Each structure stands twice: as C-alpha cells, then as structure tokens.
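Written below as structure tokens is the structure these notes are about.
The values are calculated or read from the model by the stated rules, or taken from the named source; none is laboratory data. All figures in this text were calculated on a predicted structure; none of them were measured in a lab. Methodologically, a virtual Cβ is constructed for each residue, glycine included, from the backbone with ideal geometry; neighbour enumeration extends over all protein chains shown.
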Amino acid sequence: MSEKWWETTPLKDMSTEQWEALCDGCAKCCLLKLEDEDTGEIAYTRLHCKLLDAKTCQCADYENRKAIVPDCVKLTPDKLSELKWMPKTCAYRLLNEGKPLFDWHPLISGEQASVHRDGHSIMGRTFSEETVFEDDQFDWIVDWEGNEP
C-alpha cells in the first residue's frame, strides 16, 4: 500500500485490506450504547459486547459476529453517514467527515499499540454486557470523550 493511502483513496474505493487497516482497535464501537428516545442523544457505557475480549480489544469471533450478535453493525462506506453513534475519534468517521487521523492512530504512529498506550481505547476499562441486568445499564454510562471512566 502506498504511503498515506487513506488520504487519497475514497472510502468506497478501498480494498478490504485498506478498510480493515483503518480500524485503530479502540473497540469503542463494541460498547453498549443507549439512545434517549426523545432527544436522540447517544450515551456510551462501560459495558462491551459479549464477543469482545476486553484485554485485547479484539472480537472473539469477528468472522461470525453478525450470526452471534444480530444487532452488530457491519461498517460499510454507505452506512457511515447514518451511524451517529460512531466515536468521534473513529478513523472511519473522521475520513467520512473529511478530517485527518489523530497522531496516535496506528497508521500514523506506525505502532498498533499506540491507541492503547495513549489511552484512546477501552482496553481493561470495561465489563461484559452479560455481567449486569438490563435495568442497571444506565448505571454504567460514562464519558469516553476525555473523562476517565
């Protein structure tokens, strides 16, 4: 792949390898999110999908995730504008909005671990959604936009 291909290749024209490389591995998209029915505001929680390995921020069954977790969203360039819940630091969202990647993104830093080392992932800071009752989910709301959970 050419240097800084993400700046010149439109999202819809990216190869599977390029598309997957955009993911910084923060795993914020794997968090349980709650939407206010009146305002549409999205609240993130410290609860993650049952398939997420919280120690690695990787899906335990990425290839079959939709079959196991039917509401898991498979990202595509066509869906990005609709997914208002995507983290503001997400490379897919940033590029879709015409913004640059952050310095800690692995494509910029050259290190896959930079997202974790610099505190931009959920690594080690979440719990499986299976550990709480549905009525208690509101107790797990957290601000991931700069405030430590």
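Points worth noting:
- Hits in the stretch 30-49 (condition: assigned to a strand (DSSP E or B) and free of Cβ contacts under 8 Å to residues at least 60 places away in the same chain): K33, E35, I42
- In the stretch 135-147, the residues that are modelled with pLDDT under 75 reach residues that are not acidic (D, E) with C-beta atoms within less than 7 angstrom, at least six apart or across chains, in these pairs: E145/K88.
- In the condition set (1) more than 27 Å from D136 (Cα to Cα); (2) of a type in the set (D, E); (3) part of a loop (DSSP other than H, G, I, E, B), E20 is compliant with all but (3).
- Filter result for the condition that a residue is farther than 13 Å from M123 by Cα and surrounded by 15 or more Cβ atoms within 10 Å (Cβ to Cβ), over C59, C29, C23: C23
Yes/no matrix, rows are residues, columns are (1) of a type in the set (A, V, I, L, M); (2) at pLDDT 95 or above:
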{"position": "C29", "(1), (2)": "no, no"}
{"position": "E37", "(1), (2)": "no, no"}
{"position": "A43", "(1), (2)": "yes, no"}
{"position": "L51", "(1), (2)": "yes, yes"}
{"position": "Y62", "(1), (2)": "no, no"}
{"position": "P70", "(1), (2)": "no, no"}
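- Qualifying residue in the stretch 58-68 (condition: under 18 Å from V115 (Cβ atoms) and in contact with a Ser or Thr (Cβ under 9 Å, 6 or more places away or on another chain)): no
- Selection of first residues in the stretch 50-70 that are among the acidic types (D, E) and of second residues that are assigned to a helix (DSSP H, G or I), restricted to Cβ pairs under 8 Å at least 6 apart or on distinct chains, gives the following pairs, ordered by first then second residue: D61/I68.
- All positions within the stretch 61-96 that are in contact with a helix residue (DSSP H, G or I) (Cβ under 9 Å, 6 or more places away or on another chain) and among the small types (G, A, S): S81, A91
- Qualifying residue in the stretch 104-122 (condition: in contact (Cβ under 8 Å) with a residue 24 or more places away in the chain, within 14 Å of L32 (Cα to Cα) and touching a strand residue (DSSP E or B) at 6+ places or on another chain (Cβ under 8 Å)): yes
- Boolean, L101 is in contact with a Phe, Trp or Tyr (Cβ under 9 Å, 6 or more places away or on another chain), aliphatic (A, V, I, L, M) and either over 21 Å from M14 (Cβ atoms) or in contact (Cβ under 8 Å) with a residue 24 or more places away in the chain (or both): yes
- Per the conditions (1) part of a loop (DSSP other than H, G, I, E, B); (2) over 30 Å from K4 (Cβ atoms), the sole criterion not satisfied by T76 is (2).
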